[in-house]
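Rule-based calculations on the coordinates, nothing more; no lab input. Everything quoted here is computed from the prediction, not taken from an experiment. Using ideal geometry, Cβ is built from the backbone for each residue, glycine included, and neighbour counts are taken over all protein chains shown.
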């Protein structure tokens, strides 16, 4: 069992906060940027997970970041000045990928543009951004553990010179501190 296998069993307080930040940030990003650019605004979620958590105490499944984003995309399409929010979700674990595809399908059937890519974020992020093209993009990176390779951070994420591109990155400070302690030994 991987260290993160139990994460989607029940929604953790950190995930509640992360999804609230994502929802608020995505709304503002799309409202501001979408008003300045014609065409779609993208969200790329690099560690999407299955899209939902197991049922809460009321028996209802709890939404994860992909469903949060797709619900905002549906609402934004109905705004007075509609926004075309498109999503790309990357998930490495095959069982989560299968669940993610299933959870995203009803949104796709209703007309939401959602691309689901299977594999490691380092491999799939360039493919997602190829799909994004010259559109504005908000990238959510919420890896388990420390983070990602330096080259990915400096080359891929910071090297993008296209219309407004922002990155929401969740770094586990405790893990960084723990690994830093090992390096000092």
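Ranking request for peptides 132-141, 28-37: highest mean number of other beta-carbon atoms within 10 Å first, then the rest in descending order.
132-141, 28-37
When a footprinting reagent is the concern and you count Cβ atoms within 10 Å, what order do 101, 110, 86 take, fewest first?
Numbers: 101 17, 110 10, 86 20.
Going from sparsest to densest Cβ surroundings: 110, 101, 86.
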Subject >> Distance from region 99-113 to region 14-32 (C-alpha centre basis), Å >> reply: 20
Subject >> By average C-beta atoms within 10 angstrom, highest first, the peptides 40-53, 70-83 >> reply: 40-53, 70-83
